[in-house]
1. Restricting to segment 236-293, name every residue that is among the hydroxyl-bearing types (Ser, Thr, Tyr), under 30 Å from ASN217 (Cβ atoms) and without any contact (Cβ under 8 Å) to a residue 12 or more places away in the chain.
2. Looking only at segment 236-248, decide whether some residue is exposed (fewer than 10 other Cβ atoms within 10 Å of the Cβ) and farther than 20 Å from SER178 by Cβ.
3. Among (1) of a type in the set (Val, Ile, Thr); (2) under 30 Å from TYR124 (Cα atoms); (3) not assigned by TED's automatic domain parsing to the domain that holds PHE183, which single condition is THR230 missing?
4. What are the residues in segment 123-147 that are at pLDDT 90 or above and not in a loop (DSSP other than H, G, I, E, B), if any?
5. Are any residues in segment 108-124 of a type in the set (A, V, I, L, M, F, W, C) and surrounded by 15 or more Cβ atoms within 10 Å (Cβ to Cβ), and if so, which ones?
6. Return the residues of segment 60-78 that are within 23 Å of LEU187 (Cα to Cα) and of a type outside the set (Gly, Ala, Ser); say none if nothing qualifies.
7. Looking only at residues in segment 15-38 that are aliphatic (A, V, I, L, M) and loosely packed, with under 15 Cβ neighbours inside 10 Å, which one is modelled with the highest pLDDT?
8. What number of residues in segment 233-250 are farther than 12 Å from ILE203 by Cβ and either touching a Pro at 6+ places or on another chain (Cβ under 8 Å) or modelled with pLDDT of 95 or more (or both)?
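The values are calculated or read from the model by the stated rules, or taken from the named source; none is laboratory data. Not measured: the values here are computed from a predicted model. Positions of Cβ are backbone-derived with ideal geometry, glycine not excepted, and every protein chain shown enters the neighbour counts.
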Amino acid sequence: MWRKSLYALLVAFVVSPLVGLAPARALTVAPVKYEFEVAAGDTVTGSIRLINEGSATETFYMEVSDFKSGDTSGSPQFIEPGLSNRSMAAWVKFSQSSVILQPGGFANVNFTVSVPASASPGGYYAGVLAGTVAPTTSGNSVGAVAKTGSLLLVTVSGASIERATLTGFSSSAASGASLPVDFTATLQNSGTVHLKPAGVIRITNMWGGTSAVIPVNEDGGNVLPDSARTFTASWSKADLDEDSSELAKEWKNFGFGPYTATLIMNYGDANQVVSATTSFWVMPWMMVVLFIILLVVAALLVVQYNKWVVTQAMSKRR
């Protein structure tokens with residue numbers, strides 16, 4: 001439960017800078033995202049909870065705006081209604097246009113999404129937002145003032161297109177002295193509906209054995225149509241402080257030799273598969289040098305011991 005609460009607060013503070021300068025007067029919202037699948041001509045309803053975390057009574061005004069993918073991190077970029085061919089701002093209506101909240105107070109604002117009968121199958125995207133400044137009637141004010149809100153991802157059922165390609169998969173470096181090794185995978189969505197890919201990275205060693213299996217996109221991030229998203233994953237054996245010695249890093253995050261990482265991701269209702277591979281080396285130089293030194297010392301000790309044994313044997317013969 002604490003993870004969901006932390007995630008809600010995090011997204012509220014991540015989304016709000018994209019539509020303004022800061023969270024709207026310490027306003028938080030829940031939930032941070034809705035996903036609906038609706039038939040053309042149907043209507044769905046939802047509710048957004050507003051919580052005034054500030055120290056003064058505030059009036060919060062409701063507003064809806066379209067959004068698209070802002071970058072490959074998955075951050076939304078809010079845009080004026082009608083500028084996107086996946087616009088759905090005109091479909092959303094609120095039960096009330098504003099709400100007054102005392103410090104610590106909360107309220108639920110209901111909304112409806114009425115999908116036109118003429119809507120084409122595929123994905124449509126908007127945000128239901130709340131701010132301390134009333135929206136203008138002669139244009140959209142998104143970006144001019146601070147707002148916080150929830151994201152709406154609506155799929156109009158029908159013959160939508162699910163198509164994606166991997167445009168990149170790589171490790172953080174071709175070689176390193178120790179783990180962790182970080183991976184990035186970029187998925188391009190060229191279909192008409194958002195995708196929620198999931199998969200694993202399987203790491204095999206020089207003998208073909210499996211060294212690790214790492215999940216990718218455990219949080220269920222979406223890739224919007226006509227956009228790309230980069231997913232990250234990391235392979236490590238222990239969490240160490242940044243000021244840990246290099247020898248400690250090599251010992252507790254030990255790896256040796258060449259490795260091959262194979263990414264396999266599934267997406268869409270048909271569980272389509274995309275895959276890619278990359279190779280890298282882990283060479284713990286300090287541990288190798290230390291091992292060589294220990295071997296040399298052991299060899300010298302053996303030589304000295306043999307000399308001593310021979311000396312003792314010859315002295316007894318005398």
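1. Initial filter on segment 236-293 (among the hydroxyl-bearing types (Ser, Thr, Tyr)): 236, 244-245, 259-260, 262, 267, 275, 277-279.
Add one more test, that the residue is under 30 Å from ASN217 (Cβ atoms), and what stays is 236, 244, 259-260, 262, 267, 275, 277-279.
Passing the criteria: only SER244.
2. In the first step, residues of segment 236-248 are kept if they are exposed (fewer than 10 other Cβ atoms within 10 Å of the Cβ); the result is 239, 241-243.
Cutting the leftovers down to farther than 20 Å from SER178 by Cβ gives us none.
The answer is no, given that none of the residues of segment 236-248 is exposed (fewer than 10 other Cβ atoms within 10 Å of the Cβ) and farther than 20 Å from SER178 by Cβ.
3. Exception for THR230: condition (3).
4. GLY123, TYR124, TYR125, ALA126, GLY127, VAL128, LEU129, ALA130, GLY131
5. Going residue by residue through segment 108-124, those that are of a type in the set (A, V, I, L, M, F, W, C) are 109, 111, 113, 115, 117, 119.
Residues satisfying the conditions are VAL109, PHE111, VAL113, VAL115, ALA119.
6. The initial filter retains those residues of segment 60-78 that are within 23 Å of LEU187 (Cα to Cα), namely 66-78.
Once the filter is applied, which keeps residues that are within 23 Å of LEU187 (Cα to Cα) and of a type outside the set (Gly, Ala, Ser), segment 60-78 yields ASP66, PHE67, LYS68, ASP71, THR72, PRO76, GLN77, PHE78.
7. The initial filter retains those residues of segment 15-38 that are aliphatic (A, V, I, L, M), namely 15, 18-19, 21-22, 24, 26-27, 29-30, 32, 38.
From the residues that got through so far, the ones that are loosely packed, with under 15 Cβ neighbours inside 10 Å too are 21-22.
Numbers: LEU21: 35, ALA22: 43.
Out of the qualifying residues, it is ALA22.
8. Count: 1.
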